[in-house]
Amino acid sequence: MKKYLFILLFSIFLGFPTLASAKQHVPILVYHSIAEYNGTGSKELYVTPENFEKQITYLRDHGFTLLSFEHWSDRSKVTKPILLTFDDGYKNNKNVLTVFQKLESSHFKPKATIFVISDFIGHSNRLSPTDLKIFVESGYFSIQSHTATHPDLTKINNYEHELKDSKERIERITGKPVFALSYPYGSFNKKVVQETKKYYSFGLTTTPELFIEKGIKDELYYFPRIYVKNSTTIADFAKIVD
Ligand SMILES: [Zn+2]
């Protein structure tokens, strides 16, 4: 009898991590430029390569698992899942590749998702088709869509170019599926979500919260993301992710 009680208690004990992970918090971070601020645009959108390296080192040394949306379904199977995203497809995101190459180890495989504006690919300060191919071949990056021209999607009527053409152009360049969309300016409404669902499986906002699965309708189209800024200290960063 004692034996059965033991087995019963043991299975309850084993059940706990599963229950806990069902409600797990997943931080999804959003970055733009990884570069020294050069005086143009908003300084807060620049994270220096030095700070970025400190942040990724923190994640590595604290046992985080970096995921991309291809592996979204693995989030409950890994320890401390986190997603890193980069909007706008700036050329200086090459610094991300450099940091990842430096910090990769047998225990730590860096991953990130870059949301590119498809009509801007190859512009002087943006990643080129060749850059994108190198990124994909590195195994670190998933290249996804940030629309074709970066409009406020709540203010347009013709979604086909922004959503469908953008997806197809990126797929032609990388040879990989494009199934996630980051809404420009984090701007969305019901109509935008309805249009996004025609071509994408995920939609990302900039609502500054951790993701917690609630089981509500269309929740994969309302992903919150937290900005990492120029002024974010490593102590702030630790607070965001832990
Ligand atoms: Zn943007």
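GLY175 fails exactly one of the following numbered conditions: (1) surrounded by fewer than 15 Cβ atoms within 10 Å (Cβ to Cβ); (2) closer than 30 Å to THR48 by Cα. What is the number of that condition?
Failing condition for GLY175: (2).
Please name all residue pairs, on different chains or six or more residues apart, with Cβ atoms under 6 Å, provided the first residue is in the stretch 105-129 and is at positive phi and the second residue is open to solvent by 20 Å² or more (accessible area, probe 1.4 Å) and polar (S, T, N, Q).
Going by the 6 Å Cβ cut-off, the qualifying pairs are GLY122/SER128.
For the stretch 115-135, which residues satisfy the criterion of being more than 18 Å from SER182 (Cβ to Cβ) and in a helix (DSSP H, G or I)?
PRO129, THR130, ASP131, LYS133, ILE134
Just give me the residues in the stretch 27-63 being part of a loop (DSSP other than H, G, I, E, B) and β-branched (Val, Ile, Thr), in sequence order.
Of everything in the stretch 27-63, those that are part of a loop (DSSP other than H, G, I, E, B) and β-branched (Val, Ile, Thr) turn out to be THR40, THR48.
Let me spell it out: the conditions are (1) surrounded by fewer than 19 Cβ atoms within 10 Å (Cβ to Cβ); (2) of a type in the set (Val, Ile, Thr); (3) more than 30 Å from GLU36 (Cβ to Cβ), and THR207 meets all of them except one. Which number is the exception?
(3)
Is there any pair with a first residue in the stretch 137-152 that is free of Cβ contacts under 8 Å to residues at least 40 places away in the same chain and a second that is among the basic types (Lys, Arg) and assigned to a loop (DSSP other than H, G, I, E, B) whose Cβ atoms are under 9 Å apart and which are 6 or more apart or on different chains, and what are they?
GLY139/LYS109; GLY139/LYS111; ILE143/LYS176
Being open to solvent by 10 Å² or more (accessible area, probe 1.4 Å), among the hydroxyl-bearing types (Ser, Thr, Tyr) and within 16 Å of the ligand (Cβ to nearest atom) is the filter here, so list the residues in the stretch 178-204 that pass it.
Selection gives TYR185, SER187.
Give the residue, chosen from LYS91, LYS77, LYS133, LYS111, that is within 13 Å of the chain's Cα centre (by Cα) and not hydrophobic (A, V, I, L, M, F, W, C).
Going through LYS91, LYS77, LYS133, LYS111 in turn, just one is within 13 Å of the chain's Cα centre (by Cα) and not hydrophobic (A, V, I, L, M, F, W, C): LYS111.
Scan the stretch 106-120 for residues that are hydroxyl-bearing (Ser, Thr, Tyr), more than 16 Å from the ligand (Cβ to nearest atom) and in contact with a Lys or Arg (Cβ under 7 Å, 6 or more places away or on another chain) and report the count.
Adding up the residues that qualify gives 0.
Here are some residues: PHE223, PHE202, PHE237. Which one is under 17 Å from the mean Cα position of the chain (by Cα) and either at pLDDT below 95 or over 23 Å from ALA180 (Cβ atoms) (or both)?
Residue meeting the stated conditions: PHE237.
In the list ASN230, ASN158, which residue meets the criterion of being modelled with pLDDT under 95 and either within 16 Å of the ligand (Cβ to nearest atom) or open to solvent by 20 Å² or more (accessible area, probe 1.4 Å) (or both)?
So the residue among ASN230, ASN158 that is modelled with pLDDT under 95 and either within 16 Å of the ligand (Cβ to nearest atom) or open to solvent by 20 Å² or more (accessible area, probe 1.4 Å) (or both) is ASN158.
The values are calculated or read from the model by the stated rules, or taken from the named source; none is laboratory data. Everything quoted here is computed from the prediction, not taken from an experiment. With ideal geometry, Cβ positions are generated from the backbone for all residues, glycine too; neighbour counts draw on all protein chains shown. These accessible areas exclude ligands, DNA and RNA; they are computed on the full protein's heavy atoms, side chains included. Shrake-Rupley method; radii C 1.70, N 1.55, O 1.52, S 1.80 Å.
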